[in-house]
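Engineer: One structure coming up, written as structure tokens, with questions to follow.
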Amino acid sequence: MTLLNMVLVLILAGSVPAQDVITVTSFPDGQDVPYLGNGIIGYRVKPNPFVSWKAVASGFTSDDENGGWETLAYGPYPFAMDFTLDDEASMVERGGDVWVRSQSLDMNNGELTTVLDWPMGDGRATAEVLQFISRTTPVVSCQQVRLTVPSSGELTIISGVASGPGNEIVADMPKSHNRITHMMLEYASAGNRSQCGVSVRLHIDNENVKQHPLTEDGPNTSRTFTMQVDAGQTVTIQTLAATVTSLYHPEPMLEACRLANWAHSQGFEQLREKNRHAWTDIWKSRVIVTGDPAAQEYLDACLFYTFSSVHPAGRTSMAPFGVSQAKNYFGHVFWDTDTYTTPALLLISPETAKMTIDYRCRNLEQARKRAAIFGFNGALYPWESGTRGEEATPSTVDTGWLQQHVNMCVAIAAWQYWRATGDEDYARSCVWPIVPGVAYYGVSPVHYTDRGYGIRDMMSSHEGMKLHNSTYVNGIAAETLRIADRLADQLDKQPNPRWLAVAERIFIPTGPVPAGSGIDGDILYMHDEGWVDSANVDMYMIGFPFDLPFERDLLRRTYDFYLTLPMDVLSMGVVFFIGDGAFLGDRVGQRELFDRTLRDKYEPLWRMGSEYTGTDTTCFVTTMAGMLQTAMMGMTGLRFEPEDWTKYPACLPEGWEKIEVGRIYLQGKPYRLVAVHGQEATLTPVE
């Protein structure tokens, strides 16, 4: 294909590639490692990709060692390898003599390429290792090694599956499968909460290769291959691995075998091409910024890591860190998904957004049972939700019984799905059961006072303190009740008359600004007792994303006041505070907050966001997905309102001239979104 033809294909497809290939050539101790994922499988890959590290698979969970609650388990890494020429020391035995020349992460297509060499024979062997996790067959991961040997002799290749810690092999490959796969085994996690099956097929481009029996070393399994090679010869080794958990199939090892052979029937190159095509389609929704190259780099990373962490085939929704690791928040599902991630997915990939709503719909009965044992009506979703929607919050922390505002976030996300897609069948089968379930809960804990209805003994998004009448909690509780009434009208259902009666009289705390602030007039208080000494997540959401019906001047005074306070170290709050700045027309404040996010909460090497300032735990997808939502909706003025999609004029950070998104979906139709500062954004239909 000529260069001109390639350009024409990209133009006709509406594709705008990310351009960036991140290449790293220095690997000091403590440097973060890259993340490959697709929402079902996730790997953190060391500089030497043949040495296993962290691998997770959706649904593979274990008992947490500190409390017994459900946590994601580290699962099998199927790309462990070692190489030997004749009887000399192997690559692994060479240890420090292995030189990793470079690692390159191509964000256009999710491919990681590592080049490394080590002493072998009369010189140094060189390996170019290509790895990716398939988006089209999402339980399959792929590796290709092009190994060049410096000397002739007998080459030994050991291909292995490395287990995660605490796992036990409960089934290995039946002899009847020797002719159709190379490795096949099933693990049980600590506490036997779940099982994970893995099956591996290799293709080695050497007619004389000999296959040897399986070797087991504790929870690790390997197979050895030998062949004669000539000096300077390049051997290509392709590994296709399927990883299936018991959440997806009751016999995960057997199903993994089927999927590995399905992958083998397609072949490495076809899987690679399909994966590239899938990523090209995602990049059609690239958020393009005119006027700020640093912002462009960050927003590209936001899109890449969000879709490295979520997949329409998933059954576990999405954890705050995606599938990039297991221990921070245990792989549980929070309000992060409903409030930060789902709205962005609705615009970019409605079928992926549907997966997050499906998870809540499928687990509605769990929420109803939970409401009942708390003494409430309706449905009460847990703060931290497990694989099957059950309560999974560690029983040692008070968020498990006080932090109930997640409930309203679930209902609002379901409502947004209906508004964004117009899918009436799904609205009747799934959205309607969720929203009234939450609404019936919503009128359960309220109590009436001379100020109106109040909500006591709750925890807001600002964790660590029990509150009475949180501005944020009361505000979204009222909004949820209004939504339930509107949804009933739109679907010809019978609303509960108490929903609107309570919504119209829920008390929202306000009061005077602290003395010396330089701001004249009342502001929204965080809760009954007033404000706190530093800005917090609650007040970051006073305008965006919920569009709560507060008077604009009141919102502006509140925003101005909290902007004068030290910024909270929590990045997820700042993301929506940027949206508030857009809603209120503050270009300077937006730019300051955006730059602060890049400076304090963004790891510049692999471009993964962090949750807190100064933390070394990266790929906090909540913030990155939330930033996509803020850019595509907060700054452009777009809302999920079919009567008026571009509800507000665009307000971009200082220095930004324009935002373009090549493709978003609204009610099943693709549009190109263009927002110029100070103007109403335009939506143009695209093929």
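The values are calculated or read from the model by the stated rules, or taken from the named source; none is laboratory data. A quick note: this is a predicted structure, and the numbers were derived from the prediction, not measured. Cβ sites come from the backbone with ideal geometry, for glycine too, and all protein chains shown count toward neighbours. Surface areas here come from the heavy atoms of the whole protein model, side chains and all, with no ligands, DNA or RNA. Shrake-Rupley method; radii C 1.70, N 1.55, O 1.52, S 1.80 Å.
Engineer: Among the residues of the range 185-195, is there at least one that is open to solvent by 40 Å² or more (accessible area, probe 1.4 Å), more than 36 Å from the chain's Cα centre (by Cα), basic (Lys, Arg) and farther than 20 Å from residue 262 by Cβ?
Structural biologist: Looking through the range 185-195, none of the residues is open to solvent by 40 Å² or more (accessible area, probe 1.4 Å), more than 36 Å from the chain's Cα centre (by Cα), basic (Lys, Arg) and farther than 20 Å from residue 262 by Cβ.
Engineer: Being of a type outside the set (A, V, I, L, M), surrounded by fewer than 21 Cβ atoms within 10 Å (Cβ to Cβ) and assigned to a loop (DSSP other than H, G, I, E, B) is true for just one of 128, 65. Which residue is that?
Structural biologist: Criteria check complete, one pass: 65.
Engineer: Then there's this: Can you tell me which of 356, 352, 316 is crowded, with 23+ Cβ neighbours inside 10 Å, assigned to a loop (DSSP other than H, G, I, E, B) and under 14 Å from the mean Cα position of the chain (by Cα)?
Structural biologist: 316
Engineer: Go through 82, 117 for me and flag whichever is free of Cβ contacts under 8 Å to residues at least 24 places away in the same chain, open to solvent by less than 30 Å² (accessible area, probe 1.4 Å) and either small (Gly, Ala, Ser) or on the phi < 0 side of the Ramachandran plot (or both).
Structural biologist: 117
Engineer: Ok, one more. Kindly provide the set of residues from the range 271-289 that are open to solvent by less than 10 Å² (accessible area, probe 1.4 Å) and either over 19 Å from the mean Cα position of the chain (by Cα) or free of Cβ contacts under 8 Å to residues at least 60 places away in the same chain (or both), ordered by number.
Structural biologist: 271
Engineer: State whether one or more residues within the range 260-270 are outside any helix (DSSP H, G or I), on the phi > 0 side of the Ramachandran plot and either touching a residue at least 60 places away in the same chain (Cβ under 8 Å) or surrounded by fewer than 24 Cβ atoms within 10 Å (Cβ to Cβ) (or both).
Structural biologist: So far as the range 260-270 goes, yes, one or more of its residues are outside any helix (DSSP H, G or I), on the phi > 0 side of the Ramachandran plot and either touching a residue at least 60 places away in the same chain (Cβ under 8 Å) or surrounded by fewer than 24 Cβ atoms within 10 Å (Cβ to Cβ) (or both).
Engineer: Take residue 421 and decide whether it is out of contact with any Lys or Arg (no Cβ under 6 Å at 6 or more places or on another chain) and open to solvent by 40 Å² or more (accessible area, probe 1.4 Å).
Structural biologist: no
Engineer: Working only within the range 227-259, note down all residues that are open to solvent by less than 70 Å² (accessible area, probe 1.4 Å), free of Cβ contacts under 8 Å to residues at least 60 places away in the same chain and not in a helix (DSSP H, G or I).
Structural biologist: Residue satisfying the conditions is 249 alone.
Engineer: Now for a different question. Evaluate the range 501-517: report whether one residue or more is small (Gly, Ala, Ser), in contact with a Pro (Cβ under 6 Å, 6 or more places away or on another chain) and either within 30 Å of residue 601 (Cα to Cα) or open to solvent by 10 Å² or more (accessible area, probe 1.4 Å) (or both).
Structural biologist: Checking the range 501-517: not a single residue is small (Gly, Ala, Ser), in contact with a Pro (Cβ under 6 Å, 6 or more places away or on another chain) and either within 30 Å of residue 601 (Cα to Cα) or open to solvent by 10 Å² or more (accessible area, probe 1.4 Å) (or both).
Engineer: Given the structure, is residue 452 farther than 23 Å from residue 641 by Cα and open to solvent by less than 10 Å² (accessible area, probe 1.4 Å)?
Structural biologist: yes
Engineer: Another question about this same structure. Write out, first by first residue and then by second, each pair whose Cβ atoms fall under 7 Å of each other, whose residues are 6+ apart or on separate chains, and whose first residue, in the range 374-402, is closer than 18 Å to residue 467 by Cα while the second is among the β-branched types (Val, Ile, Thr) and in a loop (DSSP other than H, G, I, E, B).
Structural biologist: Pairs found: 383/393; 399/393; 400/393.
Engineer: Does residue 367 satisfy the criteria of being open to solvent by less than 10 Å² (accessible area, probe 1.4 Å), farther than 19 Å from residue 326 by Cβ and small (Gly, Ala, Ser)?
Structural biologist: yes
Engineer: If you don't mind, there's one more thing I want to ask. Could you say whether any residue in the range 462-477 is open to solvent by 40 Å² or more (accessible area, probe 1.4 Å), under 30 Å from residue 393 (Cβ atoms), at pLDDT below 90 and touching a Leu at 6+ places or on another chain (Cβ under 8 Å)?
Structural biologist: There is at least one residue in the range 462-477 that is open to solvent by 40 Å² or more (accessible area, probe 1.4 Å), under 30 Å from residue 393 (Cβ atoms), at pLDDT below 90 and touching a Leu at 6+ places or on another chain (Cβ under 8 Å).
Engineer: Restricting the first residue to the range 606-620 and requiring it to be modelled with pLDDT under 90 and surrounded by 23 or more Cβ atoms within 10 Å (Cβ to Cβ), which pairs with a second residue that is of a type in the set (Lys, Arg) and assigned to a loop (DSSP other than H, G, I, E, B) meet a Cβ separation below 8 Å and a spacing of at least six or different chains?
Structural biologist: 609/601
Engineer: Which one of these does residue 577 not meet: (1) more than 19 Å from the chain's Cα centre (by Cα); (2) surrounded by fewer than 19 Cβ atoms within 10 Å (Cβ to Cβ)?
Structural biologist: Single failed check for residue 577: (2).
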